Amino acid sequence: MMWGFPFFFGPSLLILLPALAFAIYAQWKIRSTYGRYARVESDRGTTAREAAARILSGAAVDGVTIETTNRRLSDHYDPRRKVLRLSAPDSASIAAVGVAAHEAGHAIQHARGYGPLALRTAIVPIAGFGSQLAFPLFVVGLIAQVQPLIMAGIVLFSAAVLFTLITLPVEFDASRRAVGALREAAIVNEEELGAVKEVLFAAALTYVAAAAMAVLQLVMLLTAGRRR
């Protein structure tokens, strides 16, 4: 969206290049890592659905429904509906099992009242609203030289930035819980656990890249706003 307004942002656009390069690398890393381990089945043959169910049962988390989502790498846990959606629920691959364990980790966070997850869930509507309106308001404010509109754009986008930053501890903690649960339930062996860590680390890079991009976009807005 912002790339359509180079006149307003000028050289400040250059600060996004490192984050853009990192984001491209992160996407390549998760796709290549997931693709590699999606072709390797675990020795014990536990499917992703079974792994998630065992982890939730072992953590005494009830009432979570496991569903299928058709989009690859779109696995997620919906805390509002208590639904865990997996893109490859019947796969016994290390990649699918690792991702399922990670999403089960989010369900455990929800059940335990993990603060950062509760905060992230609470600001989802604000962050979504802010990410859609921030740039239009900011650009209109620059064109019309209306400082309140410029500030409104910055404040709204700040909510989206906050969301990406809160996401980091939520994702890292879910991966930590996933690795611990997989080891405790003996769903994978130690060698396979190393591969799971590779998959989860690659996934974590995408969240770090998103946060870095969001922070630098905010810096760009602040820089352009001060010049007006």
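A short reminder: the numbers here are calculations on the coordinates, not readings from a lab. No experiment lies behind these values; they were computed from the predicted model shown. For neighbour counting, all protein chains shown are included, and Cβ atoms are generated from backbone atoms with ideal geometry for every residue, glycine included.
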Revision key, fill the gap. Of the conditions (1) free of Cβ contacts under 8 Å to residues at least 40 places away in the same chain; (2) within 16 Å of Ser175 (Cα to Cα); (3) among the aliphatic types (A, V, I, L, M), the single one that Val124 does not satisfy is (2)
Practice item. Select from region 80-121 the residues that are hydroxyl-bearing (Ser, Thr, Tyr) and touching a residue at least 24 places away in the same chain (Cβ under 8 Å) and list them in ascending order. Key: Ser91, Ser93, Tyr114, Thr121
Review point. How many of the residues in region 136-179 are surrounded by 14 or more Cβ atoms within 10 Å (Cβ to Cβ) and over 15 Å from the mean Cα position of the chain (by Cα)?
Key: 20
Practice item. Just give me the residues in region 175-184 being closer than 14 Å to Val97 by Cα and not basic (Lys, Arg), in sequence order. Key: Ser175, Ala178, Val179, Gly180, Ala181, Leu182
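When the residues of region 110-135 are narrowed to those that are farther than 30 Å from Asp62 by Cα and among the polar types (S, T, N, Q), which ends up surrounded by the fewest Cβ atoms within 10 Å (Cβ to Cβ)? Outline the logic, then answer.
Of the residues in region 110-135, the ones farther than 30 Å from Asp62 by Cα are 129-135.
From what is left, the residues that are among the polar types (S, T, N, Q) are 131-132.
Values: Ser131: 18, Gln132: 12.
Across region 110-135, the extreme among qualifying residues is Gln132.
For the condition surrounded by fewer than 20 Cβ atoms within 10 Å (Cβ to Cβ) and outside any helix (DSSP H, G or I), what is the one hit in Ala212, Ala186?
Step by step, each of Ala212, Ala186 is checked, and only Ala186 is surrounded by fewer than 20 Cβ atoms within 10 Å (Cβ to Cβ) and outside any helix (DSSP H, G or I).
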Point to revise | Subset of region 163-196 [without any contact (Cβ under 8 Å) to a residue 40 or more places away in the chain and out of contact with any Phe, Trp or Tyr (no Cβ under 9 Å at 6 or more places or on another chain)] | key: Gly180, Arg183, Glu190, Glu191, Leu193, Gly194
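Find the residue count for region 95-153, including only residues that are hydroxyl-bearing (Ser, Thr, Tyr) and part of a helix (DSSP H, G or I).
Start the filter on region 95-153 by keeping residues that are hydroxyl-bearing (Ser, Thr, Tyr), which leaves 114, 121, 131.
Then drop every residue that is not part of a helix (DSSP H, G or I), which leaves 121, 131.
The total comes to 2.
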**Study point:** Subset of region 50-94 that is part of a strand (DSSP E or B) and among the charged types (D, E, K, R) - its residue that is surrounded by the most Cβ atoms within 10 Å (Cβ to Cβ)
**Key:** Arg85
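Restricting attention to region 23-46, report how many residues are part of a loop (DSSP other than H, G, I, E, B), over 18 Å from Gly180 (Cβ atoms) and touching a strand residue (DSSP E or B) at 6+ places or on another chain (Cβ under 9 Å).
Going residue by residue through region 23-46, those that are part of a loop (DSSP other than H, G, I, E, B) are 38-40, 42-46.
From the residues that got through so far, the ones that are over 18 Å from Gly180 (Cβ atoms) too are 38-40, 43, 45.
Of the ones still in play, those that are also touching a strand residue (DSSP E or B) at 6+ places or on another chain (Cβ under 9 Å) are 38-40.
Within region 23-46, residues that are part of a loop (DSSP other than H, G, I, E, B), over 18 Å from Gly180 (Cβ atoms) and touching a strand residue (DSSP E or B) at 6+ places or on another chain (Cβ under 9 Å) number 3.
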